[in-house]
1. Calculate, in whole percent, how much of the Cα-Cα pair population of the range 123-181 lies beyond 19 Å.
2. Quick one: if the Förster radius is 35 Å, what FRET efficiency do R39 and D114 give, using the C-beta to C-beta distance and rounding to 0.05?
3. Please compute the net charge surrounding L213, taking Lys and Arg as +1 and Asp and Glu as -1 over other residues with Cβ under 13 Å from its Cβ.
4. Classify the range 58-101 from the C-alpha gyration tensor, please: rounded if a/c falls under 1.5, else prolate or oblate depending on whether a/b exceeds b/c.
5. With the cut-off at 1.5 for a/c, could you classify the chain from its C-alpha gyration tensor as rounded, prolate or oblate?
6. Identify which of Q54, Q229, Q248 has the largest mean-square fluctuation in a Gaussian network model of the chain, with springs joining Cα atoms closer than 10 Å.
7. Which is farthest toward the positive dipole end of the chain among L199, A258, G237, measuring Cα position about the Cα centre, with Cβ charges +1 (Lys, Arg) and -1 (Asp, Glu)?
8. As a test of the formula, what do you get for the chain when each DSSP H run with n ≥ 4 contributes -39,500 (n - 2.57) and the sum is divided by the residue count, at 222 nm and rounded to the nearest 500 deg cm²/dmol?
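Readers should treat all values here as calculations from the given coordinates under stated rules, not as data from a laboratory. Just so it is clear, the structure is predicted and the values come from calculations on it, not from any experiment. Positions of Cβ are generated from backbone atoms using ideal geometry, with glycine treated the same way; all protein chains shown enter the neighbour counts.
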Amino acid sequence: MRPTIRDVLRAARRRIAPVSQSAGLDAHILLSQVLGVERAYLLVYPNHTLTADQQNRFEKLVERCAAGEPLAYILGRRGFYDREFIVTPAVLIPRPETELLLEAALVFVKGKPDSTVVDVGTGSGALAVTLAAHCPAAAVYAVDISPAALAVAKRNAAANEVAERVTFFEGDLLVPLLERGVQIDVIMANLPYVASDDLPHLAVTRYEPRLALDGGADGLDLVRRLLGQAAAALNPGGLVLLEIGADQGAAVEALARAAFPQAGVEVLPDYAGLDRIVRIANP
Ligand SMILES: C[S@@+](CC[C@H](N)C(=O)[O-])C[C@H]1O[C@@H](n2cnc3c(N)ncnc32)[C@H](O)[C@@H]1O
């Protein structure tokens, strides 16, 4: 007898539970993908049976999930702010905390709609693409040192119909913009900020690219270099927004004050109340 939706969901939940706090939801999402249906269908038709092919495909996805592979890589997509992004193992999976950085940039650009905005270390393009979609008059640049990441970001720009309004550069931090003499109003940067010695202890490094995580000895190599470059390119009245690790608030605040002695510097918390964003407002 062919297994029902209820049967396979129950078995999958048990397999995934050791590695996920949302095993039931994960199982639903994977089965919806295999059957090409909305999740509600699984609840309405629990006695519907699976074909052998559907069962095989579902079991393969459950296997990957039970091995700890992030759901976003299995599905090839992840929601960020108000849209969906293609993700591959070449890019960091966009995190909800990063939406706070985006929101701070959106507030600024609403007040100066023709801003020039740069997303440094764009990865999937989540920040650059979402900002471009919300701010049609802004000039948006996105830089990454990884050609594979840039290819994903470009696909996301096209999928969100902003490909013509985001200029992509492969390069090191702000160098491509400095070379072209671009003056910037907003720098958004979620750069790698994990200390190299901490990487082996983190589960994320099993699947997410080291290039997106490794911030050098104290985690701040890239942030330090970016701040060194930023003063030359940031317009008066401009803004720098940096995502940081929860234990880096004081250190990055000090770096920011050294690089921008006249600026207003604030460390903003994330949803959990942890230091997450450093906001530098040029006078
Ligand atoms: C933490 S990920 C952030 C991705 C995306 N902005 C997000 O918030 O989801 C950091 C990104 O910085 C890129 N990166 C690392 N070193 C870089 C450098 N020197 N210059 C430009 N990009 C760099 C990585 O390839 C990676 O895509």
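1. Details: 400 of 1711 pairs.
Percent of Cα pairs beyond 19 Å in the range 123-181: 23.
2. Working: r = 42 Å, r/R0 = 1.19.
Once rounded, the FRET efficiency stands at 0.25.
3. Details: positive: R95, R206, R210; negative: D197, D198, E208, D214, D221, E243.
Net charge in that neighbourhood comes out at -3.
4. Details: a/c = 2.49, a/b = 2.28, b/c = 1.09.
Prolate.
5. On the way: a/c = 2.48, a/b = 1.94, b/c = 1.28.
Taking the square roots of the gyration eigenvalues as a ≥ b ≥ c, the chain is prolate.
6. It is Q54.
7. Positive-end residue among those listed: L199.
8. Numbers: 11 runs with 116 residues, N = 283.
Taken over the chain, the calculation gives -12000 deg cm²/dmol.
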